[in-house]
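Asker: Here's a structure for you.
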Amino acid sequence: MITVGSAEISSTPIHRDSDRLTYVSEDEDKPLIIGPMTDRSGDELAERYGYTDLERLSTSLPSDSEILDVGAGLSNLGHMIASRRPDIQWTNLDIRYSPGRIHPITETTLENLKFTAPDNVRYVAGNVLELPREIAAKRYAHIFSYYMIHHVSNNGREFGVQAIRNMLQLGEPGGKLSVGPVNFSLYSTHTVIIPETPEAVEALAAQVTGRLIE
Ligand SMILES: C[S@@+](CC[C@H](N)C(=O)[O-])C[C@H]1O[C@@H](n2cnc3c(N)ncnc32)[C@H](O)[C@@H]1O
């Protein structure tokens, strides 16, 4: 159980990868510290994103849409939604899906998750700051990201802004980005509508980053 305000809500135990890894980006003078990998349940995350339950999150997604979870870790949110919605395509992206950036025990858990994934869920290894081509080639109707952004911004505010900018640019105009936590005592998230113009994306990236990080 965890406590939110005065209310206790149930949650599954969170597995934490014990090691912190240093990822060195392409210009090797800027190593990036990556936080631990966790496995929050779909039920818990639906609530964190402001839905009463998984069913509500599931029915909120547009028909035949592409959905992205950035820093998805070992969460089963994608499995739970995609099994209810065979018309959508769900992508889990995480920097630690790459060999060498994952603890051997965690790797077994990840392999099990991949093995049991519905056909409309894919796992892609990659950094939100240097998006893989297969991620950048698509536009997404709803992008989710929970408990990743502050790990990125711990490396410096500019990393946080770049991550939010990249996620906004991946969204379909009129689509949604849900990211958080905004408030570490409430674990709430912030949802914004993806703007149409690059100027509006830039302004929103700064605004969202300010809400999340400062
Ligand atoms: C605390 S876990 C959250 C996992 C899942 N969203 C949950 O709530 O259980 C943070 C995840 O973000 C990933 N991550 C950290 N930095 C990243 C980056 N630059 N690009 C992509 N993923 C990143 C980590 O590998 C880790 O799996």
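Read-outs: derived from the displayed coordinates by stated rules, not from any lab. Computed from a predicted structure; not experimentally measured. Here the Cβ is made from the backbone with ideal geometry for all residues, glycine too, and neighbour counts use every protein chain on show.
Asker: Counting DSSP beta bridges with both partners in the chain, what percentage is antiparallel, nearest 5?
Answerer: Here the antiparallel bridges make up roughly 40 percent for the chain.
Asker: Hey, rough spin-label estimate for Ala137 and Asp53, points 7 angstrom out along Cα→Cβ, what's it come to in nanometres?
Answerer: With each label point 7 Å from Cα toward Cβ, the separation is 3.9 nm.
Asker: Also: Residues of the stretch 38-53 with backbone nitrogen within less than 18 Å of a virtual label 7 Å along the Cα-to-Cβ line of Asn112, please, listed as ranges.
Answerer: Inside the label zone: 38-43.
Asker: Putting +1 on Lys and Arg Cβ atoms and -1 on Asp and Glu Cβ atoms, find which of Leu93, Gln169, Thr59 reaches farthest to the positive end of the dipole of the chain.
Answerer: Ranked along the dipole, the leading option is Thr59.
Asker: Find how much the distance from Leu186 to Glu130 grows on full extension, using 0.36 nm per residue of separation minus their present alpha carbon separation; answer in nm with one decimal.
Answerer: 17.1 nm
Asker: Just want the answer: with Cβ charges of +1 for Lys and Arg and -1 for Asp and Glu, which residue in Ala205, His79, Ile102 is farthest toward the dipole's positive end in the chain?
Answerer: His79
Asker: Also, quick follow-up: Just subtract the alpha-carbon distance of Ala200 and Ile33 from 0.36 nm times their residue separation and send over the number in nm, one decimal. Don't jump to the answer; show the numbers that get you there.
Answerer: Values: separation 167, 0.36 × 167 = 60.12 nm, distance 2.97 nm.
In short, 57.2 nm is gained.
Asker: Here is a follow-up. Give me the percent relative contact order of the stretch 14-213, please, defined on Cα pairs under 8 angstrom at least 6 residues apart. Please list the in-between numbers first.
Answerer: Values: 367 pairs, mean separation 36.2, N = 200.
Across the stretch 14-213, relative contact order equals 18 percent.
Asker: Quote the charge dipole size of the stretch 121-214 about the Cα centre in Debye, to the nearest 20; the model charges only the Cβ of Lys and Arg (+1) and of Asp and Glu (-1).
Answerer: Working: 8 positive and 8 negative charges, 54 e Å.
Dipole magnitude for the stretch 121-214 comes out near 260 debye.
Asker: Taking amide hydrogens as modeled 1.01 Å from N in the peptide plane, which residues meet the under 5 Å criterion relative to Ile194, leaving out close sequence neighbours?
Answerer: Amide H neighbours of Ile194, under 5 Å, 5+ apart: Gly174, Gly175, Lys176, Leu177.
Asker: With +1 on each Lys and Arg Cβ and -1 on each Asp and Glu Cβ, and nothing else charged, work out how big the dipole of the chain is about its Cα centre, in Debye to the nearest 20. Walk me through the intermediate numbers first.
Answerer: Values: 19 positive and 29 negative charges, 36 e Å.
Magnitude of the dipole: close to 180 debye.
Asker: If a/c stays under 1.5 just call it rounded; otherwise compare a/b with b/c (prolate if a/b is bigger, oblate if not). Do that for the chain, with a ≥ b ≥ c from the square roots of the Cα gyration tensor eigenvalues.
Answerer: On the way: a/c = 1.16, a/b = 1.04, b/c = 1.12.
Judged from the Cα gyration tensor, the chain comes out rounded (a/c under 1.5).
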